[in-house]
1. Taking residue 35 as the residue in question, decide whether it is under 25 Å from residue 160 (Cβ atoms), in contact with a strand residue (DSSP E or B) (Cβ under 9 Å, 6 or more places away or on another chain) and modelled with pLDDT of 95 or more.
2. Please specify each residue of segment 250-281 satisfying the condition of being assigned to a loop (DSSP other than H, G, I, E, B), in contact (Cβ under 8 Å) with a residue 60 or more places away in the chain and farther than 13 Å from residue 165 by Cβ.
3. Out of 361, 316, 311, 336, report the one residue that is out of contact with any helix residue (DSSP H, G or I) (no Cβ under 9 Å at 6 or more places or on another chain) and either over 30 Å from residue 154 (Cβ atoms) or at pLDDT 95 or above (or both).
4. Where in segment 309-403 are there helices (runs of 4 or more DSSP H), lying wholly inside it, with at least 1 residues that are crowded, with 16+ Cβ neighbours inside 10 Å and touching a residue at least 60 places away in the same chain (Cβ under 8 Å)?
5. Residues 50, 23: which one is at pLDDT below 95, surrounded by 20 or more Cβ atoms within 10 Å (Cβ to Cβ) and closer than 28 Å to residue 142 by Cα?
6. Identify the single condition in (1) assigned to a loop (DSSP other than H, G, I, E, B); (2) more than 20 Å from residue 221 (Cβ to Cβ) that residue 247 does not satisfy, given that it satisfies every other one.
7. In segment 54-95, what count of residues is obtained for those that are assigned to a loop (DSSP other than H, G, I, E, B) and either farther than 24 Å from residue 116 by Cα or at pLDDT 90 or above (or both)?
8. Of the residues 138, 119, 161, only one is within 21 Å of the chain's Cα centre (by Cα), surrounded by 22 or more Cβ atoms within 10 Å (Cβ to Cβ) and in contact (Cβ under 8 Å) with a residue 40 or more places away in the chain; which?
């Protein structure tokens, strides 16, 4: 019998880990420079936490059953877990809170993407207790900074506004509103045409699917809708945000008011980061504003504004693999310490530790026996170890550079 990982699971070998760490370390440096602090939440969550607000599709959650009949699930994303943690464990915290994470998430995968993978790695941020133009701009510019730190420049930002989109959807009959929403989210014009709608609503649905392109053009189109005061305020805010981002001029921006995220807790701006993978568009990350999510976990349902994003380490890895930026080998040891005889073993361990105690990182291996001098040299060459030190019983050593 050949033992393999469970379906949808995978193992990361040392080179895989080195490449993953290369991405994560650069993202972490950016998060630190922007004043964000790491938070780690439980991999296991109660299902009522995951399903609060019914924003997550229950069928995508990998569920577990405990002996106490408590329904648990592996977290399918991080934002809800962080929201629950902040409300229940950081009630006295001063806002805004700038938090970041680097963790795995689990989702049932019914698609062929990533070979039915069910475990994913993400890095992202949550900016809690801040709303308005500057908070939204901070998160979007931080997203840009992350991709720049990874050396990516062939990408663009797709920006939408969930509040505007949801309010426009309210014109549709409640019994088919979710179908209209999914058709627009999937840009499925055939589904729109088959829905039992009057001509005016068919026309509005098709126009909503077409609210994508240059910011000026899209804002002009949406202004032609009969907007109430709250909708107009959201459009004005979006216009100000676009002007600020375009003044920065750091990335390509596409405005898309048909953009609807599958996770349904967003209340304001939503966005996707789209890169290029072998000529195909690849979503590298997504995020948005969720001003009512934290209230779901508060005992008095008090809301705290929030906005954040997640970047997919798996998708970033795929895009970066084609650029040759990722490490192509695992780090080699600097030294191989070889005891010359059984009575030199204690001295060899002491010398190896002395090398490891250097103020900078030094990788040191011990020769554990079984090789003659030629075998030791061949091993060092195969592992690209730069130097061998042969240790005698009195602690003296002879250094040999491996050629």
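The values are calculated or read from the model by the stated rules, or taken from the named source; none is laboratory data. As the structure is a prediction and not an experimental result, all values here were calculated from the model. For neighbour counting, all protein chains shown are included, and Cβ atoms are generated from backbone atoms with ideal geometry for every residue, glycine included.
1. Values: under 25 Å from residue 160 (Cβ atoms): no; in contact with a strand residue (DSSP E or B) (Cβ under 9 Å, 6 or more places away or on another chain): yes; modelled with pLDDT of 95 or more: yes.
For residue 35, the condition - under 25 Å from residue 160 (Cβ atoms), in contact with a strand residue (DSSP E or B) (Cβ under 9 Å, 6 or more places away or on another chain) and modelled with pLDDT of 95 or more - is not met.
2. First pass over segment 250-281, keeping only residues assigned to a loop (DSSP other than H, G, I, E, B): 250-251, 257-268, 278-279.
After this cut, where a residue has to be in contact (Cβ under 8 Å) with a residue 60 or more places away in the chain as well, the list is 250-251, 257-268.
Scanning segment 250-281 gives 250, 251, 262, 263, 265.
3. On the way: 316 fails: out of contact with any helix residue (DSSP H, G or I) (no Cβ under 9 Å at 6 or more places or on another chain); 311 fails: out of contact with any helix residue (DSSP H, G or I) (no Cβ under 9 Å at 6 or more places or on another chain); 336 fails: out of contact with any helix residue (DSSP H, G or I) (no Cβ under 9 Å at 6 or more places or on another chain).
When all the criteria are applied, what remains is 361.
4. Working: elements: 313-321, 345-356, 373-382.
The qualifying helices (runs of 4 or more DSSP H) are 313-321.
5. Numbers: 23 fails: at pLDDT below 95.
Of 50, 23, the one residue that is at pLDDT below 95, surrounded by 20 or more Cβ atoms within 10 Å (Cβ to Cβ) and closer than 28 Å to residue 142 by Cα is 50.
6. Going through the list (1) assigned to a loop (DSSP other than H, G, I, E, B); (2) more than 20 Å from residue 221 (Cβ to Cβ), residue 247 breaks only (1).
7. Going through segment 54-95, the residues assigned to a loop (DSSP other than H, G, I, E, B) turn out to be 55-57, 61-62, 66-70, 75-78, 90-95.
Next, from what is left, pick out any that are either farther than 24 Å from residue 116 by Cα or at pLDDT 90 or above (or both): 61-62, 66-70, 75-78, 90-95.
Number satisfying all stated conditions: 17.
8. Details: 138 fails: surrounded by 22 or more Cβ atoms within 10 Å (Cβ to Cβ); 119 fails: surrounded by 22 or more Cβ atoms within 10 Å (Cβ to Cβ).
Being within 21 Å of the chain's Cα centre (by Cα), surrounded by 22 or more Cβ atoms within 10 Å (Cβ to Cβ) and in contact (Cβ under 8 Å) with a residue 40 or more places away in the chain holds for just one of 138, 119, 161, which is 161.
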